[in-house]
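**Student:** What follows is a structure written as structure tokens; I'll ask about it next.
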């Protein structure tokens, strides 16, 4: 299980994310601009309003285990349902890889994912069909 | 002497009645044709297709009073009502991408919003006015039909720290008044919203958006307090020396 840093900003994704996340929750000053990948085991998937979130247990390069919080910004249940998510999308024990922007404060272990770049399972398949077009 | 008045009395009455009827038509002025607004509608979109570009106040909006800026600077995001699942109020309620439903009845029009499970009643006919001391998150609304449109005026809003914009801590006062105009444009629904708040806005703030028909509301909102407060996990409190802002189950015992 490892964390991979990807250089460069996903401009389109970031803009999409901003438009979604600005739905009453500004992310300015919370998340970095660069995205990273985290791979780990699902602990919990909370698929409720106003903002579903995921908890993933990740072992870092030092062998230490941390629980990462994965949120998707503004989208609520109905928006995520349209994208194919459901309460059964993630189950405890699933191994997934998430791409997103990490929190600026690295000890908080948070990642802001996007609906345009959905997590993938251990076979590399998107857990749901990636979103296309505008929200 | 012949009393001409007596013999022409029926004519006078008839003529007078006609005059009164005609005058009534002009007095009540514009047509009260009722537009068909009922049904499910998608989020109102701006001319560029977005749902926020034309209908939100910016963080440093030039229309904000100094008083609004002072409140904005002081408000701690942790204290915002939305994190306890308190609903957005109009007009900010319209800036989230969720459907709504309009139900037209004889004496009222009901609005059902997918966002925050909000239900608003717009009174068309005589309805007891709220007491002076009654205030409401969504205000108290009166409506009328005019020129094939529904005109709604709403006041009696509670003070709301997220009342004008929940993203940028722009509050609204008990002086807030919102006027809405709903009318059909073919299959679509156009609505214009004008907000005044003499405490926090230097001038009236208006926008117009277009809704297209929707199939349904998209499901219940059913806000989870846990999910709501979870959003604050990475937001640093503004007042670090104050006690933890975590919710206490104070009344449980």
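FYI, it's all coordinate maths here, none of it is from the lab. Please read all numbers here as calculations on a predicted model, not as lab measurements. Don't worry about glycine lacking a Cβ; one is built from the backbone with ideal geometry, like all the others, and counts go over all protein chains shown.
**Student:** So what is the diffusion coefficient of the range B:39-216 in µm² per second by Stokes-Einstein at 4 °C and 1.567 mPa s, using a Kirkwood Rh over Cα pairs?
**Tutor:** On the way: Rh = 16.7 Å.
The Stokes-Einstein estimate is 78 µm²/s.
**Student:** From other protein chains only, count the Cβ atoms within 10 Å of every residue's Cβ in A:71-77, then give the mean. Walk me through the numbers before you get to the answer.
**Tutor:** Numbers: counts 5, 0, 1, 4, 1, 10, 7.
Taking all residues of A:71-77 together, the mean is 4.
**Student:** In peptide A:97-110, how many Cβ atoms from other protein chains are near each Cβ within 10 Å, on average?
**Tutor:** Averaged over the peptide's residues, the number is 1.
**Student:** Here's a follow-up. Under the definition of partner shielding as Cβ atoms of other protein chains within 10 Å of a residue Cβ, what is the mean value for peptide B:233-243? Before the final figure, lay out each step's value.
**Tutor:** Values: counts 7, 13, 5, 4, 0, 0, 0, 0, 0, 0, 0.
Counting Cβ atoms of other protein chains within 10 Å of each residue's Cβ and averaging gives 3.
**Student:** Expressed in nm to one decimal, what extension gain is obtained for the pair residue B:36 and residue B:106 from 0.36 nm per residue of sequence separation less their Cα-Cα distance? Don't skip to the end; give the middle numbers.
**Tutor:** Working: separation 70, 0.36 × 70 = 25.20 nm, distance 1.27 nm.
Computed gain between residue B:36 and residue B:106 is 23.9 nm.
**Student:** Could you compute how fast the range B:149-225 diffuses translationally, taking Rh as the Kirkwood radius over C-alpha pairs and applying Stokes-Einstein at 25 °C with viscosity 0.890 mPa s? Give it in µm² per second.
**Tutor:** On the way: Rh = 14.5 Å.
Translational diffusion coefficient: 170 µm²/s.
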